[in-house]
Amino acid sequence: MATLSGLYIYPVKSCAAVSVQQVGVEPRGLAGDRRWMIVDATGHFITGREQPRLTLIHAHRVESGLTLSAPGQPEIVVARPDSAAARAPVVVWHSEVQALPAAPEASEWISRFLGRPARLAYQDAAAQRLIGSSRVHPDDEVSFADAYPMLLISEASLAGLNHRIGRELSMLRFRPNLVVSGTSAHAEDEWKRVRIGAVEFDVVKPCARCKFTTIDPETAERDPRGEPLRTLATYRRVGSEVMFGQNLVARSGGGLRIGDTVEVIE
C-alpha cells in the first residue's frame, strides 16, 4: 500500500526545506509553501541555481510572519506585510506578481548574507499568479514555485537513482512537497489522478530538472561530478529535458498528514 511518508514546505523560495507532520492544502499549494521570494534590485527572482547560499537560509513560519536564520547571521523576525500596503511588481519566470515588499531590515539582512542587493517579497491572497498552462484549468493559481503548486516523488524513484549513482543523495536535492513510499520506482509517471488522505490531485506533468539538483542543500556546494543530473540523463531524458518527479494540482481542499494512504484514481 502506498502511503505519504514525507511532507515538506519551503517558506521562502529556494531556501531550506521545513519537514512537517501535517499541513493544509490550498489552491496555490501547501499552506505556507513558497509564499515569500527573494528578488534582486529590479524585482526579478533570485534562486539557488545562481545563488546556492540560499539553501543555507532557514525560514520558519510564526504568527506574525517569518523568522530567518543563516550561518554567521543573527536571527531576524520578519513581519508579514499589511495587505493595504503599497505593492511592487516582482517577476518569477514569465509571471509578474503584484507582491508586498517586506520591511527594509529583512532586505538588508538578506543582502548582507548574499553579498549583493536583494529584497524579500510576500505573496498574499490578493497577489494572484495564474499557472498559465493548457494542462490545467484557466483559473488555476500557483505560489512562487517554479511552475506548479506541488511536486511529488516516490522513495523508490530516489532509491533507484542512488543505486545507479553508487551513493546516497538526499531527497531534498529535488525539493519535493510530497514523498510517497510503498510504490515501484517511477510508478508516479503512470498516475493521472490520485487521492492522498481525503484530498484529490491531478497529476499534471513530469518535472524537468535543472542544475539546482546538483547543489547539496546542507553545504550549498555544487557536486563536482554534476550528480544527479549526470546519471539521470542516462535514463530519464525526454527530448532535451531530464525528468524526475511529478507536478500536482489539488482538486479538493483539506489537509495532509504523514501516513495518509495514497490511492490512484486514474
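The values are calculated or read from the model by the stated rules, or taken from the named source; none is laboratory data. These figures come from a predicted structure and were not determined experimentally. Backbone-built Cβ (ideal geometry, glycine too); neighbour counts: all protein chains shown.
Pick from 208, 220, 250: which is touching a residue at least 12 places away in the same chain (Cβ under 8 Å), aliphatic (A, V, I, L, M) and at positive phi?
Working: 208 fails: at positive phi; 250 fails: at positive phi.
Criteria check complete, one pass: 220.
In a strand (DSSP E or B), over 17 Å from residue 28 (Cα atoms) and of a type outside the set (D, E, K, R) - does that describe any residue in the stretch 158-178?
Narrowing the stretch 158-178 to residues in a strand (DSSP E or B): 178.
Add one more test, that the residue is over 17 Å from residue 28 (Cα atoms), and what stays is none.
No, every residue in the stretch 158-178 fails to be in a strand (DSSP E or B), over 17 Å from residue 28 (Cα atoms) and of a type outside the set (D, E, K, R).
Go through 170, 143 for me and flag whichever is in contact (Cβ under 8 Å) with a residue 12 or more places away in the chain, under 25 Å from residue 49 (Cα atoms) and crowded, with 20+ Cβ neighbours inside 10 Å. Before you say what the answer is, go through the steps one by one.
Numbers: 170 fails: crowded, with 20+ Cβ neighbours inside 10 Å.
One residue alone meets the criteria, 143.
Cβ-Cβ below 6 Å, separation at least six or inter-chain, first residue in the stretch 100-119 and without any contact (Cβ under 8 Å) to a residue 24 or more places away in the chain, second not aliphatic (A, V, I, L, M): which pairs?
107/119; 111/117
Check whether at least one residue in the stretch 223-233 is acidic (Asp, Glu), surrounded by 17 or more Cβ atoms within 10 Å (Cβ to Cβ) and farther than 30 Å from residue 23 by Cα, and report yes or no. Show your work before the answer.
Taking the stretch 223-233 as the starting set, the residues that turn out to be acidic (Asp, Glu) are 223, 227.
Subset that is surrounded by 17 or more Cβ atoms within 10 Å (Cβ to Cβ): 223, 227.
Those left that are additionally farther than 30 Å from residue 23 by Cα: 223, 227.
Yes, the stretch 223-233 contains at least one residue that is acidic (Asp, Glu), surrounded by 17 or more Cβ atoms within 10 Å (Cβ to Cβ) and farther than 30 Å from residue 23 by Cα.
Looking only at the stretch 223-247, how many residues end up being at negative phi, modelled with pLDDT of 95 or more and among the small types (Gly, Ala, Ser)?
Matching residues across the stretch 223-247 total 1.
Quick check on this structure: which one of 129, 173, 80 is over 17 Å from the mean Cα position of the chain (by Cα), modelled with pLDDT of 95 or more and among the basic types (Lys, Arg)?
Working: 129 fails: over 17 Å from the mean Cα position of the chain (by Cα); 173 fails: over 17 Å from the mean Cα position of the chain (by Cα).
80 is the lone residue from the list that is over 17 Å from the mean Cα position of the chain (by Cα), modelled with pLDDT of 95 or more and among the basic types (Lys, Arg).
Would you mention how many residues in the stretch 176-203 are under 11 Å from residue 264 (Cβ atoms) and hydroxyl-bearing (Ser, Thr, Tyr)?
1
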